[in-house]
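**Student:** Quick one: this structure, given as structure tokens, is what I'll be asking you about.
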Amino acid sequence: MEYGLIGATLKHSYSKLIHEQLYPCDYRLTELPTEADAREFMEKRPFKAINVTIPYKQLVIPYCAVLDDKARAIGAVNTVVNQGGTLHGYNTDFDGFAFLAAAHGVQFAGRRVLILGTGGTSKTVTAVAKAGGAAEVLYASRTPGAGRVSYAEALSCGAQVVVNTSPAGMYPNNEALAMDVTKMPGLEAVLDAVYNPFSTRLVQAGRAAGAKAAGGLEMLVAQAVYAAALFTGTEPQTGRIAPLAKAIFADRANISLIGMPSCGKTTIGRMLAKALGKTFVDLDAEIAKAAGKSIPDIFAEGGEAGFRDLEQQVTARFAKEGGQVLSCGGGVVLRGENVAALRQNGPVVFIDRPLELLCTGGGRPLSTDREALAAMERKRRPLYQAAADIRIANDGDVFRRAAQAAQEALHAYFGS
């Protein structure tokens with residue numbers, strides 16, 4: 001192959017998409033499940049240039065006859081260029097992480113920085129933090145060592161900046177929370193090297209704590225831009241980093257529609273999916289499919305609690321994937337776990353239809369009459385408002401207008 005990426009698991013990598021937009025190439029993803037596989041590959045060196053990801057950023061170092069200063073200082077390589085049979089190792093993760101921090105206004109000067117994880121990426125983050133004037137760098141780890149604290153001790157370590165370099169929260173284990181940073185006083189910023197999902201539970205916790213918070217998509221794109229320059233012998237196209245990251249987000253993001261029963265989520269969702277080239281998913285239909293019975297029958301046999309348990313399982317399963325428009329049941333916001341799952345991969349949109357225009361009955365066990373519907377609306381409205389990134393009014397008979405308004409709002413949200 002000419003160009004590509006090696007790593008243990010690459011099924012959900014965006015690297016091929018990024019590199020093939022940056023320059024004409026055939027970029028291949030090569031999974032090497034074991035160290036033996038990786039060593040055999042490096043010995044054969046069947047490439048012009050490659051990127052390297054977890055867990056081989058240190059393994060490839062002995063195969064590189066030449067290391068750039070960053071790679072040598074950090075002790076990790078994520079880019080290897082084959083120059084006439086001689087392998088040159090580089091670390092563009094440094095530039096990628098520095099871009100991510102700068103893009104979100106994260107300052108390291110004089111700060112205590114806590115890094116979650118002790119692998120190759122943690123060394124990169126350490127180098128960037130120290131170059132930025134960090135007063136101290138600590139590491140949270142499950143194994144003792146110099147400069148390391150336990151995850152329990154980390155909550156009271158006084159760090160202003162927290163960076164996750166571990167796989168915690170990475171697809172498919174999206175539900176994992178690396179550390180509950182909402183309990184950390186004085187927290188200023190939370191950055192996560194994980195980019196799938198876009199907003200890990202850690203990033204969401206950082207935002208809930210009022211800190212600056214971002215996932216690793218911009219870091220991924222930025223390091224790829226710097227790597228592509230090494231591949232092609234050209235200057236880095238840094239002006240393309242932010243637009244490319246936004247384009248990937250817009251393409252791969254979910255759009256989750258919430259709101260009262262009969263507010264138009266299904267009708268509007270189908271229109272949005274068609275207009276935006278995404279897959280439409282009706283979560284209530286998927287719940288019925290998973291149970292093998294209708295929603296009224298689920299309620300009759302297991303009560304509302306049984307239905308909510310199944311709803312949470314189905315929501316988690318679909319929300320961790322991407323490129324979808326999700327039409328959610330009216331009560332999905334009753335559990336915080338559902339809201340966190342929906343928010344990890346894109347915006348949540350509240351379809352707000354006036355109470356007098358909502359329908360009763362129609363196989364909806366909790367809205368059989370106007371009084372029950374009104375009571376439900378009073379309870380849920382604050383939850384819809386708290387969960388939503390975007391509110392779309394649907395106060396007319398032609399739902400197409402609401403779908404168009406939603407589409408315009410989403411284009412603005414995605415920055416396109």
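The values are calculated or read from the model by the stated rules, or taken from the named source; none is laboratory data. No experiment lies behind these values; they were computed from the predicted model shown. When we count neighbours, we look across all protein chains shown, and the Cβ atoms used for this are built from the backbone with ideal geometry, even at glycine. Please note that ligands, DNA and RNA were not included when accessible areas were found on the heavy atoms of the full protein model with its side chains. Shrake-Rupley method; radii C 1.70, N 1.55, O 1.52, S 1.80 Å.
**Student:** Which pairs do you get when a residue that is over 20 Å from GLY215 (Cα atoms), found in the range 137-162, comes within reach of a residue that is at pLDDT below 95 and assigned to a helix (DSSP H, G or I), reach meaning Cβ atoms under 6 angstrom, with the pair 6+ apart or on two chains?
**Tutor:** Once the first residue is over 20 Å from GLY215 (Cα atoms) and sits in the range 137-162, its partners that are at pLDDT below 95 and assigned to a helix (DSSP H, G or I) give LEU155/LYS183.
**Student:** What strands (runs of 3 or more DSSP E) lie completely within the range 1-116 and have 3 or more residues being over 25 Å from ARG252 (Cβ atoms)?
**Tutor:** Filter on the range 1-116 gives 79-83, 86-90, 112-116.
**Student:** Does the range 157-170 hold any residues that are open to solvent by 40 Å² or more (accessible area, probe 1.4 Å) and modelled with pLDDT of 95 or more, and which are they?
**Tutor:** In the first step, residues of the range 157-170 are kept if they are open to solvent by 40 Å² or more (accessible area, probe 1.4 Å); the result is 160, 167, 170.
Within the range 157-170, GLN160 is the sole residue that qualifies.
**Student:** Moving on to the next point. Is it true that THR279 is over 13 Å from CYS328 (Cβ atoms), of a type in the set (Val, Ile, Thr), touching a residue at least 24 places away in the same chain (Cβ under 8 Å) and surrounded by fewer than 23 Cβ atoms within 10 Å (Cβ to Cβ)? Before the answer, list the steps.
**Tutor:** On the way: over 13 Å from CYS328 (Cβ atoms): yes; of a type in the set (Val, Ile, Thr): yes; touching a residue at least 24 places away in the same chain (Cβ under 8 Å): yes; surrounded by fewer than 23 Cβ atoms within 10 Å (Cβ to Cβ): yes.
Taking the combined requirement at face value, the residue satisfies it.
**Student:** Okay, next question. Can you confirm whether the range 285-295 contains a residue that is in contact with a Phe, Trp or Tyr (Cβ under 7 Å, 6 or more places away or on another chain) and crowded, with 23+ Cβ neighbours inside 10 Å?
**Tutor:** No, because not a single residue in the range 285-295 is in contact with a Phe, Trp or Tyr (Cβ under 7 Å, 6 or more places away or on another chain) and crowded, with 23+ Cβ neighbours inside 10 Å.
**Student:** Now for a different question. Limited to the range 318-358, what total is found for residues that are surrounded by fewer than 19 Cβ atoms within 10 Å (Cβ to Cβ) and either part of a strand (DSSP E or B) or free of Cβ contacts under 8 Å to residues at least 12 places away in the same chain (or both)?
**Tutor:** The number of residues fulfilling the criteria is 2.
**Student:** If we scan the range 171-189, do we find a residue that is aromatic (Phe, Trp, Tyr), at pLDDT below 95 and assigned to a helix (DSSP H, G or I)? Walk me through how you get there before you give the answer.
**Tutor:** Looking only at the range 171-189, we keep the residues that are aromatic (Phe, Trp, Tyr), and these are 171.
If we keep only those that are at pLDDT below 95 as well, we get 171.
Keeping just the survivors that are assigned to a helix (DSSP H, G or I) gives none.
Checked the range 171-189: no residue is aromatic (Phe, Trp, Tyr), at pLDDT below 95 and assigned to a helix (DSSP H, G or I).
**Student:** If you take the residues of the range 81-134 that are among the hydroxyl-bearing types (Ser, Thr, Tyr) and surrounded by fewer than 20 Cβ atoms within 10 Å (Cβ to Cβ), which of them is modelled with the highest pLDDT?
**Tutor:** THR86
**Student:** Here is a further query. Which numbered condition trips up TYR195, out of (1) open to solvent by 50 Å² or more (accessible area, probe 1.4 Å); (2) assigned to a helix (DSSP H, G or I)?
**Tutor:** It fails just one condition, (2).
**Student:** Against the conditions (1) in contact (Cβ under 8 Å) with a residue 40 or more places away in the chain; (2) closer than 21 Å to VAL349 by Cβ, where does ALA214 fall short? Just the number, please.
**Tutor:** The single condition ALA214 does not satisfy is (2).
**Student:** Does at least one position in the range 297-312 carry a residue that is of a type in the set (Gly, Ala, Ser), more than 19 Å from PHE414 (Cα to Cα), modelled with pLDDT of 95 or more and open to solvent by 60 Å² or more (accessible area, probe 1.4 Å)?
**Tutor:** yes
**Student:** Under the condition of being outside any helix (DSSP H, G or I) and open to solvent by 60 Å² or more (accessible area, probe 1.4 Å), which residue from the range 390-416 is farthest from GLY259 (Cα to Cα)?
**Tutor:** If we filter the range 390-416 for residues that are outside any helix (DSSP H, G or I), which is where we start, we get 390-398, 415-416.
Then drop every residue that is not open to solvent by 60 Å² or more (accessible area, probe 1.4 Å), which leaves 391, 395, 397, 416.
Details: ARG391: 10, ASP395: 13, ASP397: 17, SER416: 26 Å.
The selected residue is SER416.
**Student:** If you check every pair at least six apart or on different chains, which have Cβ atoms under 9 Å apart with a residue in the range 23-43 that is closer than 16 Å to LYS11 by Cα and modelled with pLDDT of 95 or more first and a residue that is assigned to a loop (DSSP other than H, G, I, E, B) and among the polar types (S, T, N, Q) second?
**Tutor:** Taking only residues 6 or more apart or on different chains, the pairs are LEU29/SER13; GLU31/THR9; PRO33/THR9.
**Student:** Mind checking whether some residue in the range 219-236 is hydroxyl-bearing (Ser, Thr, Tyr) and in contact with a Gly (Cβ under 9 Å, 6 or more places away or on another chain)? Working first, answer last.
**Tutor:** Narrowing the range 219-236 to residues hydroxyl-bearing (Ser, Thr, Tyr): 226, 232, 234.
Now restrict to residues that are in contact with a Gly (Cβ under 9 Å, 6 or more places away or on another chain): 226.
Yes - at least one qualifying residue is present in the range 219-236.
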